[in-house]
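Data first, discussion second: the structure below is written as structure tokens.
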Amino acid sequence: MAHPHQHYSAYGHGERIFDVQFSPVDSGLLATASEDMTVRLWSINRSAGDFKQMLCCYGHQAEVMRVAWSADGRFIASGSADKTVRIWQVPDPSLPKTSSYSGQELAVLGGHPEEVYHVEFLSV
């Protein structure tokens, strides 16, 4: 078992990270939002003490401020200074891995008058 204060390394973003959110269904997955205009999905490798970058979601035209997981862990929402919210599909780990490293963008929600500083999936 990892020490509660163990440090992990992750390499990939080229700028500051503004948000980190763990998957609600898999504590070994996390999503990050960055000033480099990307959302990245990471898988933890506890034995090596690092994270493996699994996916990079490109599409925002300015820094990504926030990221949120859907309750079932199948989707990620990202909010950006480009005044959009984007919805991304998280690959199903039980299916064969595709050769694509880019995240699949499902929707762009524009029309926000200012930067988007909060995103959240609601259960109804």
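The values are calculated or read from the model by the stated rules, or taken from the named source; none is laboratory data. Just so it is clear, the model here is predicted, and its values are computed rather than measured. No Cβ is skipped: glycine too gets one built from the backbone with ideal geometry, and neighbour counts run over all protein chains shown. Only protein heavy atoms, including side chains, enter the accessible area calculation; ligands, DNA and RNA are left aside. Shrake-Rupley method; radii C 1.70, N 1.55, O 1.52, S 1.80 Å.
Take the residues of segment 19-70 that are acidic (Asp, Glu) and out of contact with any Gly (no Cβ under 7 Å at 6 or more places or on another chain): which is modelled with the lowest pLDDT?
Here the residue is Asp50.
Looking at segment 18-41 only, could you name the residues that are in a strand (DSSP E or B) and not hydroxyl-bearing (Ser, Thr, Tyr)?
Phe18, Asp19, Val20, Gln21, Phe22, Leu29, Leu30, Ala31, Ala33, Val39, Arg40, Leu41
For Gly73, work out the one condition from (1) in a loop (DSSP other than H, G, I, E, B); (2) at pLDDT below 90 it doesn't fulfil.
The number of the failed condition is (2).
Can you tell me which residues in segment 1-17 are modelled with pLDDT under 70 and assigned to a strand (DSSP E or B)?
Ser9
Select, from Ser80, Ser102, the only residue that is more than 15 Å from Ser23 (Cβ to Cβ), at pLDDT below 95 and open to solvent by less than 80 Å² (accessible area, probe 1.4 Å).
One residue alone meets the criteria, Ser102.
Name every residue in segment 42-70 that is of a type in the set (Gly, Ala, Ser) and in a strand (DSSP E or B), in order of residue number.
If the condition is that a residue be of a type in the set (Gly, Ala, Ser) and in a strand (DSSP E or B), then Ser43, Ala68 are the ones that fit.
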